[in-house]
Amino acid sequence: MIPRWSTSSSGQPARRNYGLRHGKPEVGPLALTAPRGRALGLLVVVTVCSAYGAAGAVYGVEHLLDAIARGPAALTVALPAAGLLVSTVVRSLGPTRSGPSSIDAYMDAYHGRHYEDRQYAARTVGAGATVGLGGALDPVGLAVLLGTWFGSIGRRRLDSTGPSLLVVGAAAGFGAALHSPIAGGLLAVEIPFREGMSWRRLPVALLGSTAGYLARSSIDGFRLPWWTSVGVVGLRDVLLALGLAVGAGIASRAVSLLTRSAETGLGPVFSRERHHVVTAAALLVLLGVLARIGFSGIPVHLGPGTISLTWAATASSAGLCALLALRAAASGVTMLGRGVGGLIIPLLVLGSIAGQMLGRIFDGNLALLSVIGATTLLGAGYRVPLAALVWLAESTHSIPAVALGCVVVLITQAVGGGRSVSTAQRIHPVPPGRPSTPS
């Protein structure tokens with residue numbers, strides 16, 4: 001490898017070589033393979049297709065969820081279970097069975113695993129069925145899956161194994177689904193690893209996430225759906241935030257155990273996928289009935305949980321505790337039922353509800369504790385502290401909140417003990433050409 005500031009044999013400054021991929025060097029900060037003109041053209045095509053594909057898919061899923069929530073009570077109870085069944089049937093079709101992962105599929109592809117187009121197609125339809133019919137996961141997984149699929153197509157056209165096109169596609173999905181142009185890009189380069197991130201792919205990630213945000217805004221309007229005015233930060237709020245950090249770290253350990261159980265099976269009785277799916281479908285129907293009875297007829301169990309935040313705004317501390325338990329159960333059951341979707345928005349919602357609950361009980365700053373709870377659980381769940389802090393900054397525009405967020409995220413990472421909700425992450429980035437350490 002030629003050092004960055006060395007010169008070639010002709011005396012001219014040498015270009016930095018970032019490693020060989022099938023005999024083609026990845027050069028420059030964009031880490032794209034030669035020929036550069038074709039690579040840049042494919043970069044633009046993948047970015048635009050991923051951005052508008054993800055934005056359109058998320059927009060459609062969210063409007064479908066709104067229509068279901070306003071529909072008859074029987075539909076809100078039955079459709080989440082039906083979504084699990086449809087997803088399982090679709091993924092079982094074809095000669096190669098497709099697993100239920102969505103964001104994990106991006107991580108696998110980033111680390112070198114190959115998926116066929118029919119596997120991407122099956123997972124995409126499965127994610128649309130799971131989330132679009134009310135499963136308690138989020139459309140972020142669907143958006144990232146679409147972006148990864150477009151990136152893999154572009155990578156095959158370029159005859160390269162470098163992950164840059166995958167990164168720009170996934171980042172477009174994050175930016176479109178989260179309405180987040182900066183945190184979405186950081187997620188794309190930070191989420192494949194439990195410790196550290198691939199800094200040299202940050203430019204293409206920010207390009208993709210910004211394109212995804214602009215595409216979503218062109219469809220749905222320019223807005224920041226998570227924006228919160230936190231007001232004054234007091235000493236009581238700081239102490240409550242520290243308690244939230246410890247709780248989020250412990251919760252991340254529990255969610256990590258749950259995701260691994262969903263992948264490996266719950267022992268000899270529930271070792272087959274059909275056992276998971278049938279049991280989860282029955283439990284989702286039960287949770288739907290409980291939600292309709294106990295939460296003023298509002299289907300708080302539906303989707304990633306944004307519907308439940310409206311009910312939580314005026315709920316008592318006991319009501320928030322019940323809502324937290326129901327939302328955690330709904331997301332956990334959907335995961336155990338091998339539903340296809342992401343956990344990013346469910347983690348944000350659970351953290352927000354937990355923060356509001358503490359604020360109600362101890363008379364704290366509800367707005368501040370809500371976003372701090374969401375930040376800590378996101379950072380601990382996927383081991384993405386930097387992306388979580390940037391999301392906090394985008395959501396609050398408050399320096400005191402971000403300063404407090406730095407402290408609580410560090411505490412959460414320490415308490416979490418390296419656990420993650422994803423089984424596809426690697427421990428840390430390594431120099432190109434060397435195998436990555438498995439998780």
Suppose R0 equals 22 Å; then what is the FRET efficiency for Leu239 and Ala318 from their Cβ-Cβ distance, rounded to the nearest 0.05?
0.50
Leu93-Glu195 pseudo-label distance in nm [points 7 Å out on the Cα-to-Cβ vector]:
4.4
For Ala254 and Val407, FRET efficiency with R0 = 22 Å and r from the beta-carbon atoms, rounded to 0.05?
0.45
Projecting the Cα atoms of Ala251, Gly373, Gly405 onto the charge dipole of the range 235-416, where Lys and Arg contribute +1 and Asp and Glu -1 at Cβ, the residue farthest towards the positive end is Ala251
With the Cα gyration tensor of the range 32-220 giving a ≥ b ≥ c as the square roots of its eigenvalues, does the rule (a/c under 1.5 for rounded; else a/b larger than b/c for prolate; else oblate) give rounded, prolate or oblate?
prolate
Mean Cα-pair separation over length for the range 235-416, i.e. relative contact order, pairs under 8 Å, 6 or more apart, %
30
Assign one of three labels to the range 180-255, namely rounded, prolate or oblate, based on the Cα gyration tensor with a ≥ b ≥ c the square roots of its eigenvalues; rounded applies when a/c is under 1.5, prolate when it is not and a/b is larger than b/c, and oblate otherwise.
oblate
Using a 10 Å cut-off around each Cβ, can you sort Leu343, Leu377 from fewest to most neighbouring Cβ atoms?
Leu343, Leu377
Net lengthening on full extension, Ile298/Ala282 (0.36 nm per residue, minus Cα-Cα)
3.8 nm
Between Arg118 and Asp159, what is 0.36 nm times their sequence separation minus the Cα-Cα distance? Round to one decimal in nm.
12.8 nm
Projecting the Cα atoms of Gly184, Leu206, Ser217 onto the charge dipole of the range 32-220, where Lys and Arg contribute +1 and Asp and Glu -1 at Cβ, the residue farthest towards the positive end is Leu206
Could you please report the charge total around Ile353, scoring K, R as +1 and D, E as -1 over all other residues with beta-carbon less than 13 angstrom from its beta-carbon?
+2
Rounded to the nearest 0.05, what FRET efficiency do Ala325 and Leu85 give with R0 = 25 Å and r taken as the Cβ-Cβ distance? Could you check?
0.50
Cα centroid of the range 237-252 to Cα centroid of the range 334-407, whole Å
10
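We did not get these values from a lab; they are worked out from the coordinates using the rules stated. The structure displayed is predicted, hence computed values, not measured ones. Here Cβ is always computed from backbone atoms with ideal geometry, including for glycine, and neighbour counts include all displayed protein chains.
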